[in-house]
Structures are given as structure tokens and as C-alpha cells.
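Reading through the C-alpha cells given below for one structure.
The values are calculated or read from the model by the stated rules, or taken from the named source; none is laboratory data. Please read these numbers as outputs of a predicted model, since none were measured by experiment. A quick note on method: Cβ atoms are made from the backbone with ideal geometry, for glycine too, and the neighbour counts reach across all protein chains shown.
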Amino acid sequence: MLPFVLLGVLLYTLARKHLGRDHAPTLAGRAQTLAACAIGAVLGFYDGFFGPGTGSFFVFLFVRVLGYDFLHASAAAKLINTATNLAALILFALKGHVWWHYALALAIANVAGSLLGTHMALKHGASFVRVVFIFVVSALILKTGYDAFLR
């Protein structure tokens, strides 16, 4: 089902040309906190069971529900993804299920990629992040579609 959900996210984003271009939060105070907590709870549950695309879903929902632009939504999603990945790493490490020789190399590459991506996002702004979001969601559709139907 994941490829179809991602396809819906992609089509919605493509149909709404101005979606996520301007940072105009639609909620404030308690309403924003409750909406963010609901997003976090649903996607946290999803991330714990499945995982692929969680960051993209965070970005999409922060843009669509909270009214963030793609740059602010991406920054918030990165922070949350880092926290959830750290929690998973701690749990897996405590259970002895981490291959540290791979994990450390991947962590270094991930940090380098994150620094490059952040620099590019800050330099080029929300429109650039929107294009990258569309590319990443498209790639996820292909990958999850292959895994679900052709593998």
C-alpha cells in the first residue's frame, strides 16, 4: 500500500503548485502543538513498524497541516528523524543488534550528506527543497513499488 500512499502525496504536491512555497503557519499555540503531536504519534507508530518514507511524510504533513514552507518543514522533519533514529539506535544497541563496523561508516557518510544537503537547502530555499522532495518521493515510489510488486 505504501507506493500508493506515496503516489497520492506526490500527485497532491504536484497539483498544488504553491504548496509549501511560503512559510505561513495555519495554527498557533495549543492547536499547533496538538496537531504536531498527532502527526508525531501517527508517524512514530508508522516509523516503528515500517520506516520507509517517514521523513517525507513529516515534511508533507508539516507543509499541508501546519502551513510550513518546505524549508522549515524539512528542518523540523530532520530534527524529529534524528531523534527517532537515535532512540532506535539505542534500543538496537542495547539488544546487541548493531553492526558497528557498518554503522560508523554509514553515520559518517550520513553526516557529510546532511551537511551538504543543509547547505544547499539554505542557499536555494523552499522552492529547491520542494523539487528535491518531489524527486525523493518519486524515488521512494519506485523503490517501494519494486519491493512490493516485482521482488
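Quick one: in the stretch 47-69, which of the residues that are farther than 10 Å from Val9 by Cβ and more than 12 Å from the chain's Cα centre (by Cα) is surrounded by the fewest Cβ atoms within 10 Å (Cβ to Cβ)?
Step by step, filter the stretch 47-69, then rank; the result is Phe49.
Consider Phe92 carefully, then state whether it is surrounded by 11 or more Cβ atoms within 10 Å (Cβ to Cβ) and either in contact (Cβ under 8 Å) with a residue 24 or more places away in the chain or under 16 Å from the mean Cα position of the chain (by Cα) (or both).
No; evaluated as a whole, the condition is false for this residue.
Filter the stretch 1-39 for residues that are among the hydroxyl-bearing types (Ser, Thr, Tyr) and within 24 Å of Ser138 (Cβ to Cβ); which is surrounded by the most Cβ atoms within 10 Å (Cβ to Cβ)?
Applying the filter and picking the extreme gives Thr13.
Might you let me know whether the stretch 121-129 holds any residue that is under 18 Å from Met1 (Cα atoms), touching a Leu at 6+ places or on another chain (Cβ under 6 Å), at pLDDT 95 or above and assigned to a helix (DSSP H, G or I)?
For the stretch 121-129, residues under 18 Å from Met1 (Cα atoms), touching a Leu at 6+ places or on another chain (Cβ under 6 Å), at pLDDT 95 or above and assigned to a helix (DSSP H, G or I): absent.
Of these, Ala93, Ala88, Ala38, Ala103, which one is among the aliphatic types (A, V, I, L, M) and within 20 Å of Thr26 (Cβ to Cβ)?
Within the list Ala93, Ala88, Ala38, Ala103, the selection yields Ala38.
For the stretch 54-72, check the following and say yes or no: at least one residue is at pLDDT below 95 and either more than 29 Å from His18 (Cβ to Cβ) or aliphatic (A, V, I, L, M) (or both).
no
Out of the residues in the stretch 130-151 that are among the basic types (Lys, Arg) and at pLDDT 95 or above, which is nearest to Thr13 (Cα to Cα)?
Looking at the filtered set, the residue picked out is Arg130.
From the list Ala121, Ala126, Ala148, pick out the single residue that is over 29 Å from Leu19 (Cα atoms), over 14 Å from the mean Cα position of the chain (by Cα) and in contact (Cβ under 8 Å) with a residue 40 or more places away in the chain.
None of the other options fit; the residue is Ala148.
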